[in-house]
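In what follows, a structure is listed as structure tokens, so that the remarks can point back to it.
The values are calculated or read from the model by the stated rules, or taken from the named source; none is laboratory data. Please read these numbers as outputs of a predicted model, since none were measured by experiment. Cβ placement follows ideal geometry from the backbone for every residue including glycine, while neighbour counts extend to all protein chains displayed. Just so you know, the surface numbers come from the protein's heavy atoms only, side chains and all, with ligands and any DNA or RNA stripped out. Shrake-Rupley method; radii C 1.70, N 1.55, O 1.52, S 1.80 Å.
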Amino acid sequence: MEIRVVATIVAKKEFTAKVTEALLDVIEPSRQEVGCLQYELHQDLDTERTFVFYERWASEEALNQHNKTEHFQHFAKSLEGKLEELTIRRLKSLA
């Protein structure tokens, strides 16, 4: 079953540039992963420190493997203490 992820990330104001850099750095290696169908980063038009990842993964296993990769682990560590909010939703399509 295909899994979709919507992750909302709000950077602390003083870390907006560093968070932006980290978000951009994780995109290409993630897109190269087996099972990655879509991996897009968006920025809120009204609040520049709010970002939304929209991801599609071929399966839960593919998503779990992504979370274990070196580049994702490095990414997660680089965000520590720099976020005001992080919300991750795992979704399945109904229609």
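Among the numbered conditions (1) without any contact (Cβ under 8 Å) to a residue 24 or more places away in the chain; (2) under 25 Å from THR16 (Cβ atoms); (3) over 12 Å from the mean Cα position of the chain (by Cα), the only one that ALA95 does not meet is (2).
Selection of first residues in the stretch 63-75 that are in contact (Cβ under 8 Å) with a residue 60 or more places away in the chain and of second residues that are outside any helix (DSSP H, G or I) and surrounded by 14 or more Cβ atoms within 10 Å (Cβ to Cβ), restricted to Cβ pairs under 6 Å at least 6 apart or on distinct chains, gives the following pairs, ordered by first then second residue: LEU63/ILE3; LEU63/TRP57. If only residues of the stretch 52-78 that are polar (S, T, N, Q) and farther than 18 Å from LEU41 by Cβ are counted, the one that is surrounded by the most Cβ atoms within 10 Å (Cβ to Cβ) is GLN65. Summed over the stretch 68-95, the residues that are in contact with a Phe, Trp or Tyr (Cβ under 7 Å, 6 or more places away or on another chain) and either part of a helix (DSSP H, G or I) or among the aromatic types (Phe, Trp, Tyr) (or both) give a count of 0. Restricting attention to the stretch 10-21, and to residues there that are closer than 10 Å to LYS82 by Cα and not in a loop (DSSP other than H, G, I, E, B), which single residue is most open to solvent (accessible area, probe 1.4 Å)? Of everything passing the filter in the stretch 10-21, LYS13 is most open to solvent (accessible area, probe 1.4 Å). Output yes when any residue across the stretch 30-49 is under 20 Å from LEU86 (Cβ atoms) and assigned to a helix (DSSP H, G or I), and no when none is. Scanning the stretch 30-49, I find at least one residue that is under 20 Å from LEU86 (Cβ atoms) and assigned to a helix (DSSP H, G or I), so the answer is yes.
Results for (1) farther than 28 Å from ALA95 by Cβ; (2) in contact with a Pro (Cβ under 7 Å, 6 or more places away or on another chain); (3) of a type in the set (S, T, N, Q), shown as yes or no for each residue.
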residue: GLU2; (1), (2), (3): no, no, no
residue: VAL6; (1), (2), (3): no, no, no
residue: VAL19; (1), (2), (3): yes, no, no
residue: SER30; (1), (2), (3): no, no, yes
residue: GLN38; (1), (2), (3): no, no, yes
residue: HIS42; (1), (2), (3): no, no, no
residue: PHE75; (1), (2), (3): yes, no, no
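Yes or no: LEU24 assigned to a helix (DSSP H, G or I), in contact with a strand residue (DSSP E or B) (Cβ under 9 Å, 6 or more places away or on another chain) and open to solvent by 20 Å² or more (accessible area, probe 1.4 Å)? So LEU24 fits the description; yes. When each of TYR39, TYR54 is tested for being aromatic (Phe, Trp, Tyr) and in contact with a Ser or Thr (Cβ under 7 Å, 6 or more places away or on another chain), the lone residue that passes is TYR39. Close Cβ contacts (under 7 Å, 6 or more residues apart or on different chains) running from residues in the stretch 27-51 that are open to solvent by less than 80 Å² (accessible area, probe 1.4 Å) and modelled with pLDDT of 95 or more to residues that are among the aliphatic types (A, V, I, L, M) and in a loop (DSSP other than H, G, I, E, B) comprise GLY35/ALA58.
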